[in-house]
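S.K.: Before I ask anything, let me first share the structure, which is written out below as structure tokens.
The values are calculated or read from the model by the stated rules, or taken from the named source; none is laboratory data. Small disclaimer: the values here were computed from a predicted structure and weren't measured. FYI the Cβ positions are ideal-geometry reconstructions off the backbone, even for glycines, and counts take in every protein chain you see. These accessible areas exclude ligands, DNA and RNA; they are computed on the full protein's heavy atoms, side chains included. Shrake-Rupley method; radii C 1.70, N 1.55, O 1.52, S 1.80 Å.
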Amino acid sequence: MREYFEVAPTELLTAVARSMRNLEAKDGSPMADRVRGLIEGAGEAFVGSARPHGVWEAISIADFLTVYQEDGGNDRDTPLEVVLEDAVSLALFAVTVGAEVSGRIPQLFDSGEMAEGYILDQVASFAADEMAQIAAGRFGRAKQLGSAQGVLPYSPGYCGWNVSGQRALFARLNPAETGVTINDSCLMSPIKSVSGVLVLAPVEAHVFSPAFTCCSTCTTLDCQERAASLTERVGS
């Protein structure tokens, strides 16, 4: 089972509106109007230059473990390995907001438009992360997600999965239709892209204490917020 999909830039921008509001300056700040204008400008630039699209492909747990373990550079203890113990279905994925908007960001920095470049960079990052969540939702619907189940994306470079795992992931998924590639350092191009595995499992399987080796160097612990959002959905 494999699906290629596209998302309208306006739809994606609406989905990340809450995150974009976190970029705003406090009301009453002398910079508030300036920052608000920058955010609006970044939104317009995103809509005009983004081409959000992606692909996911189902993979058996046994085959994924081969992909996951191929490089051998993962931590000895990782959250993903624990989550996989209760996994029901998996899919590899790669999503991007497109080459044009990704390329526009360094152009702004190179031309000295630092504030504009920073805001557009943040908006594109929010959008790329949201694309991973959209892929998760589409996979969940295709697999007829149960009411007590949830799908979350996990990516190389996070949660103890070494970034070099991109090589085996891309070799198996071959996301040619997305235009997303990796270089010798396993960095993706376009830069505003996300890849990894979608894990469909009981919601509680995604809930874990951040006590793994990799957690000590993590600066965000976004996993806790993502798991909490699944728990709230099931409880509502």
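S.K.: Thinking of the range 42-129 as a set of Cα atoms, what percent of all their pairs are more than 16 Å apart?
M.R.: Across the range 42-129, Cα pairs with separations above 16 Å total 64 percent.
S.K.: Still on this structure: Out of these labelled values of Rg and Dmax of the Cα atoms in Å, (1) 19.7, 75; (2) 17.3, 55; (3) 18.2, 57, which was calculated from the coordinates shown here?
M.R.: (3)
S.K.: Moving on to the next point. Given bins 5 angstrom wide, list per bin the percent of all Cα-Cα distances in the range 2-63, short to long.
M.R.: Going from the shortest bin to the longest, the percentages are 4, 15, 18, 16, 13, 10, 8, 7, 4, 3, 2, 0.
S.K.: Checking understanding here: applying a Kyte-Doolittle mean of at least 0.0 and a length along the axis of at least 27 Å (C-alpha), which whole DSSP H helices in the chain pass?
M.R.: Answer set is 114-142.
S.K.: Could you please state how large a percent of the accessible area of the chain is carbon and sulfur, counting protein chains only and using a 1.4 Å probe?
M.R.: Answer for the chain is 50 percent, counting heavy atoms of protein chains only.
S.K.: Moving on. Can you bin the range 102-160 into rounded, prolate or oblate? Criterion: square roots of the alpha carbon gyration tensor eigenvalues sorted a ≥ b ≥ c, rounded for a/c under 1.5, prolate for a/b above b/c, oblate for the rest.
M.R.: Prolate, because a/c is 1.5 or more and a/b exceeds b/c.
S.K.: Using a 1.4 Å probe, what is the accessible area per residue for the chain, in Å²?
M.R.: 50
S.K.: Under unit Cβ charges (Lys, Arg +1; Asp, Glu -1), what dipole magnitude, rounded to 20 debye, does the range 17-161 have relative to its Cα centre?
M.R.: Computed about the Cα centre, the dipole is about 500 debye.
S.K.: As a check on your grasp of the helix formula, calculate [θ] at 222 nm for the chain: sum -39500 (n - 2.57) over DSSP H runs of n ≥ 4, divide by the residue count, round to the nearest 500.
M.R.: -14000 deg cm²/dmol
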